[in-house]
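Step one of this worksheet: look at the structure below.
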Amino acid sequence: MKAFKNLVFLAAILTTLSACDNGPRVPEADLLVRVEGYLSGNEREDIMVQIYLTREDAEDQIGAITPPLWTDHYGEVEIFGLDTNRRYFVRADARAATTIRRSKRLDFGINVFKVRIL
């Protein structure tokens with residue numbers, strides 16, 4: 001009987017420990033990309049946006065961090081879960097032109113980045 005009580009007590013402790021937090025989470029940055037027309041300044045809808053680590057990767061379209069994302073009718077795309085304190089290269093592809101811009105170092109939370117394209 002005592003062994004059964006010890007087993008139940010041990011199971012309760014293990015259940016409690018497994019439910020505990022595993023420590024602090026790595027801070028994540030979110031990037032809101034806004035695509036505007038270069039001359040008009042109007043939001044651009046249906047522009048393909050991808051994120052890369054290097055300019056060379058963005059130019060060659062290899063090793064994208066994100067799949068192809070398309071801007072909504074507000075000209076925006078949201079990317080979640082990026083590393084903080086890191087710069088990314090944002091590639092925006094329209095039918096007639098491609099623009100690659102380097103972001104600022106991302107902070108924890110939401111970061112807004114504007115890309116102008118023809």
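Things to note:
- Just the protein heavy atoms count here, and of the accessible area of the range 19-118 at 1.4 Å, carbon and sulfur take up 47 percent.
- Modelled spin labels at residue 62 and residue 85, positioned 7 Å past Cα toward Cβ, are 3.0 nm from each other.
The values are calculated or read from the model by the stated rules, or taken from the named source; none is laboratory data. The model shown is predicted, which means the values in this text are computed figures rather than measured ones. Cβ coordinates were reconstructed from backbone atoms using ideal geometry, including for glycine residues, and neighbour counts include every protein chain displayed. For accessibility, only protein heavy atoms count, side chains too; no ligands or nucleic acids. Shrake-Rupley method; radii C 1.70, N 1.55, O 1.52, S 1.80 Å.
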